[in-house]
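**Student:** Please find one structure pasted underneath; my questions will follow.
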Amino acid sequence: MSADLDAIRQALWDPRDVASKLGLLDGSRSFKRLANGILVRCFVHGDRTPSLSLTRTATGVRAKCFGCDLSGDVFSVIAAFHRLDAHSDFRRVVELAMEMAGITGDGSYTAPPAPPLPPEPPRLDDETFHRLAGILELTCPLRRQDDVCDYLARRGLLEPARGQLWALPLNTEGLRWARNAIVQEIGEDAWCISGLSDKRGEWLCPKHRLCIPWRAPDGLVTTIQRRLITEGKPKYIFPPRRSPRYPYGVESLAQLGPATEIAWVEGALDVIAMRTLARRHNLDRIALGLPGVSAWMQSWAQLAEARVTLIALDADEAGEKHVERMAADLYAVGACGVKRSMPVNAKDWADLTGRKASWP
């Protein structure tokens, strides 16, 4: 079989059409429309609410599930849907893609040009976003008798998190007050392109109440991650087009001593947990957090140059999968004594902060 893969991708350029042909649009509540695609229920892990995004890019449909590891191009989606291996079964995957695209014969096919992608919406500049974060910090501190505080307290993180994390108000009045304070500082237009506002100018995803500021080395807040405390997915969200450029806690590198170790963990809460545990056990250690286990950037390895370094990802399959790659990058920049460290009898480091048991 000879097939023009780019032509197939071009023929399957419409995310909603791909979802329809795979039978993923089985009811009005089974999907949500996105600006450049669609959010559907994931067929891999069988979720109840849409978590699999199919979006249109310059190179074709891209998939990303917020509840499992499914990601990739349209061929990856088709392979996963039919329970095929995207590599060893690729010939069959291409055949199925050709059928979906209406391509017959040897695969030679010239699709009509796809319509141009819509222009990128405006993005708030970093300085203004940092000012926004300052207002959010003032108006939304962690409060007592609040479910966010209860969640952090259960994990032994409430006191260490004060001044570092914030919480959106529970009620509509409080949300409106925080929104108006931000608008008064940066203006309505800036608020609407901040990534925290919906199309109506109200809070986007207000149930994601735990606010986690990610900073640059100089302390500038470049993005705000938010966590859902109640049941549901996705648990974590970032403002659109504001992914972290640095690991969480990078501003603490200014406090490095000559023998300070660097520990790489998953997420902001594990950074706070690792800091707490290090203080408790008198360890000269600074923690840096990845925004996700697969979000490691090779350039970040430079931050650990000539340092004793711990890869302290969660004790699960996803964590182990990325250890080798991280270790190679760290050794390449001259990190010293790269070690694997895992929480004992716990999934992550935050599970240990509320315990009195000793910690190796």
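We did not get these values from a lab; they are worked out from the coordinates using the rules stated. Please read all numbers here as calculations on a predicted model, not as lab measurements. When we count neighbours, we look across all protein chains shown, and the Cβ atoms used for this are built from the backbone with ideal geometry, even at glycine.
**Student:** Quick one: which residues, 5 or more positions from residue 339 or on another chain, have an amide H under 5 Å from its amide H? H modelled 1.01 Å from N in the peptide plane, none for Pro or chain starts.
**Tutor:** 309, 310, 311
**Student:** Separation between the residue 205 and residue 159 pseudo-spin-labels, each 7 Å from Cα along Cα→Cβ, expressed in nm?
**Tutor:** Here the answer is 3.2 nm between the modelled labels.
**Student:** Still on this model: Hey, what did the chain get for relative contact order, percent, Cα under 8 Å, at least 6 apart?
**Tutor:** 11
**Student:** About the Cα centre of the chain, what is the dipole size in debye to 20, counting +1 per Lys and Arg Cβ and -1 per Asp and Glu Cβ, all else neutral?
**Tutor:** My answer is approximately 1000 debye.
**Student:** How far is helix 126-139 tilted off the main Cα axis of the chain, in degrees rounded to 10, range 0 to 90?
**Tutor:** The answer is roughly 60 degrees.
**Student:** Among bridges DSSP assigns within the chain, what percent are antiparallel (round to 5)?
**Tutor:** 70
**Student:** Only helical DSSP H runs with n ≥ 4 go in: add -39500 (n - 2.57) per run for the chain, normalise by residue count and round the 222 nm mean residue ellipticity to 500 deg cm²/dmol.
**Tutor:** So the calculated ellipticity at 222 nm is -9000 deg cm²/dmol.
**Student:** Using Cα centres only, tell me the gap between the range 205-231 and the range 281-360 in whole Å.
**Tutor:** Using only Cα atoms, the two centres lie 21 Å from each other.
**Student:** For the chain, I need the span (max minus min coordinate) of the C-alpha atoms along each principal axis, in Å, sorted largest to smallest.
**Tutor:** Projected onto the principal axes, the Cα atoms of the chain cover 69, 51, 34 Å.
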